[in-house]
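Please read the structure below before turning to the comments.
Every read-out reported here was derived from the displayed coordinates using simple, explicitly stated rules and does not represent laboratory data. As the structure is a computational prediction, the values presented were derived from the model and not from experiment.
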Amino acid sequence: MQTSFVYILLCSDNTYYTGVTENVYKRFDEHQDGKYFGSYTSTRRPVQLVYYCAFTDISQAIVFEKKIKKWSQAKKTALIEGRFEDLPNLAKKSFKR
């Protein structure tokens, strides 16, 4: 059974990048080295690995990654900081009318 990881990087422009991988440290090094020219993180280096969690089912990891990508910056920050009780209140982005 292969372990998969969902991870969040803090980019140099203070944005977050979320991804999924089977080797979080190798993937972090690839982001840091700019291995994939033109990718989101290639022009936002250096990056910091600020969060990751492990899954035994890759499909569940992908579901969680997609969920996080839709979250606001504030909600991602709460997750990273371990403020789980704040997550429900940050569930929806506010839209101006």
Short version: ³J(HN,Hα) in whole Hz for each residue of the stretch 63-74, in order, from phi by Karplus 6.51 cos²θ - 1.76 cosθ + 1.60 (θ = phi - 60°), x for Gly and Pro, what are they? 4, 5, 4, 4, 5, 4, 4, 8, 6, 6, 4, 5
First check a/c for the chain, with a ≥ b ≥ c the square roots of the eigenvalues of its C-alpha gyration tensor; if it is under 1.5, answer rounded, and if not, answer prolate when a/b is larger than b/c or oblate otherwise. oblate
Calculated [θ] (222 nm, deg cm²/dmol) that DSSP helices of n ≥ 4 give over the chain, each run adding -39,500 (n - 2.57): -9000 deg cm²/dmol
Can you tell me the relative contact order of the stretch 4-69? Whole percent, Cα pairs under 8 Å, sequence separation 6 or more. 44
Check which residues have an amide H placed less than 5 Å from Tyr51's amide H, if you skip close sequence neighbours. Ile8
